[in-house]
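The values are calculated or read from the model by the stated rules, or taken from the named source; none is laboratory data. This structure is a prediction, so every number in the text was calculated from the model and none was measured. Cβ sites come from the backbone with ideal geometry, for glycine too, and all protein chains shown count toward neighbours. Remember, those area values only see protein heavy atoms, side chains included, never the ligands or the DNA or RNA. Shrake-Rupley method; radii C 1.70, N 1.55, O 1.52, S 1.80 Å.
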There are 2 protein chains.
Amino acid sequence: MTDRSPAAGKPIRTAITDEDGIDFAIIELFFFAYRDFTSDPDQILADYGFGRAHHRVLHFVNRRPGLTVAELLDVLKITKQSLARVLKQLIDTDHIVQVQGPRDRRQRELYPTAKGRALALALARPQSRRIRAALEDSGTTERASIERFLEAMVNPELRAQIDIMPAQTSGKKNGDH
Amino acid sequence: MTDRSPAAGKPIRTAITDEDGIDFAIIELFFFAYRDFTSDPDQILADYGFGRAHHRVLHFVNRRPGLTVAELLDVLKITKQSLARVLKQLIDTDHIVQVQGPRDRRQRELYPTAKGRALALALARPQSRRIRAALEDSGTTERASIERFLEAMVNPELRAQIDIMPAQTSGKKNGDH
DNA sequence: GGAATTATGTCAGTACTATTGACGTAATTT
DNA sequence: AAATTACGTCAATAGTACTGACATAATTCC
């Protein structure tokens, strides 16, 4: 149990490098950056007994008030069942309310309450601080270049989800043309 | 059940914006970018019955061959128990081997096998392609600026973990293509 | 040499997020 | 009237994570 079994392959002792032109540096940085990026709100969420799933739901309901359950599922790319418990908890704790759809009464439009809005802001605050600090520390003159890079990392067919957002992404790249 | 309960707060119908100077644009982009970034290897991992945890272990063992279990736990920021099952599976499937530490025989140095090296490369390939494409698409003249930004997003006290990596993260301003 | 500490492995129990599949209900569309 | 859609819910399962406890072997400290 201590050593490798007889049939096992031999250990490779050299570190993986940029062979095949693989960009390990940015792959790793992306991992670490996202890990720490999500750790900020995780602290706050723990106080509520919530997890990341609650955060995501809360975020998008605040960003697109009135979106339906189906739309939310599409943005989050999870299943109805995964959303069910999380959404129910957010409704039960009075962070989100459902309103019957005006045109289609089958639909449930989701809106944040004042409480839900406040929590969404509290969760976003440390993340935004981290981003601002990172932009400054890294001497990024244009934040637009970071924005463009991140957007280009998203699957093209899914970028539509981003563009639907409340805009004001400032100058963005398109300018609505 | 259809509508909101009597005690519930009133729905807020306006979208959350950049109030309080919160950078929702980049917060969202980071979420979408990471979601798609991880979706590439997820496809491949599914064929092996592996998950993201296996990927991370495989990645770091390939990046720092010979690292010990304790070091791996420190990098991944998970507990021993969380690592146990995943590491065992990778060893049983001959992707990783353990070697008794030379100085300290209590330690288990972790090394990839040829099989483990190959899988790590296969998993990194689509991610690297995505990064390269994003750099090109976004017209990022220097990739170093993206690197600096991502590094600045990492908690300062944890940046040591990155700097230990097989170098060429730092001296990377080479433009070997 | 003996005691404390360290590195690792393992067991038991739990939680959260996610999955697929199935079924029911109400509302809309055809 | 029939089919479809939007939503909710139930059951069963999986992957990843957690805490706490305990065992073993090896090293270090006194």
Filter result (within 11 Å of DNA strand C (Cβ to nearest atom) and in a loop (DSSP other than H, G, I, E, B)) within segment B:93-102: B:Gly101
Single match in B:Asp23, B:Asp42, B:Asp18 (criterion: at pLDDT below 90 and away from DNA strand D (no atom under 13 Å from the Cβ)): B:Asp18
Single residue of B:Asp42, B:Asp47, B:Asp23 found to be out of contact with any strand residue (DSSP E or B) (no Cβ under 6 Å at 6 or more places or on another chain) and within 12 Å of DNA strand C (Cβ to nearest atom): B:Asp42
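For (1) touching a helix residue (DSSP H, G or I) at 6+ places or on another chain (Cβ under 9 Å); (2) among the acidic types (Asp, Glu), each residue gets a yes or a no:
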{"site": "B:Glu19", "(1), (2)": "yes, yes"}
{"site": "B:Ile27", "(1), (2)": "yes, no"}
{"site": "B:Phe31", "(1), (2)": "yes, no"}
{"site": "B:Tyr34", "(1), (2)": "yes, no"}
{"site": "B:His55", "(1), (2)": "yes, no"}
{"site": "B:Leu67", "(1), (2)": "yes, no"}
{"site": "B:Val75", "(1), (2)": "yes, no"}
{"site": "B:Ser82", "(1), (2)": "yes, no"}
{"site": "B:Lys88", "(1), (2)": "no, no"}
Selected residue [within 16 Å of DNA strand D (Cβ to nearest atom) and more than 30 Å from A:Arg64 (Cα to Cα)] from B:Lys77, B:Lys115: B:Lys77
Filter pass, B:Leu90 being in contact with a Gly (Cβ under 8 Å, 6 or more places away or on another chain), within 16 Å of DNA strand C (Cβ to nearest atom), in a helix (DSSP H, G or I) and open to solvent by less than 40 Å² (accessible area, probe 1.4 Å): yes
Residues satisfying the stated conditions in segment B:69-87, i.e. within 11 Å of DNA strand C (Cβ to nearest atom) and either touching a residue at least 40 places away in the same chain (Cβ under 8 Å) or among the charged types (D, E, K, R) (or both): B:Val69, B:Glu71, B:Asp74, B:Lys80, B:Arg85
Matching helices (runs of 4 or more DSSP H) fully within segment A:1-82 where at least 1 residues are of a type in the set (Asp, Glu): A:24-48, A:69-76
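Residue by residue, here is whether (1) surrounded by fewer than 16 Cβ atoms within 10 Å (Cβ to Cβ); (2) more than 9 Å from chain A (Cβ to nearest Cβ); (3) aromatic (Phe, Trp, Tyr); (4) out of contact with any Cys (no Cβ under 9 Å at 6 or more places or on another chain) holds:
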| position | (1), (2), (3), (4) |
| --- | --- |
| B:Gly9 | no, no, no, yes |
| B:Tyr34 | no, no, yes, yes |
| B:Phe37 | no, no, yes, yes |
| B:Ala70 | yes, yes, no, yes |
| B:Gln98 | no, no, no, yes |
| B:Arg105 | yes, no, no, yes |
Failed condition for B:Phe30, given (1) within 7 Å of chain A (Cβ to nearest Cβ); (2) surrounded by 21 or more Cβ atoms within 10 Å (Cβ to Cβ); (3) in contact (Cβ under 8 Å) with a residue 24 or more places away in the chain: (3)
Extreme residue, farthest from the other protein chains (Cβ to nearest Cβ), among residues of segment B:147-177 that are modelled with pLDDT of 65 or more, in contact with a Ser or Thr (Cβ under 7 Å, 6 or more places away or on another chain) and open to solvent by less than 70 Å² (accessible area, probe 1.4 Å): B:Ile162
Where a residue in segment A:101-119 is free of Cβ contacts under 8 Å to residues at least 40 places away in the same chain and its partner, wherever it lies, is open to solvent by less than 20 Å² (accessible area, probe 1.4 Å) and within 16 Å of DNA strand C (Cβ to nearest atom), with Cβ under 8 Å and at least six apart: A:Gly101/A:Thr68; A:Gln107/A:Thr68; A:Gln107/A:Gly101; A:Thr113/A:His95; A:Thr113/A:Ile96; A:Lys115/A:His95
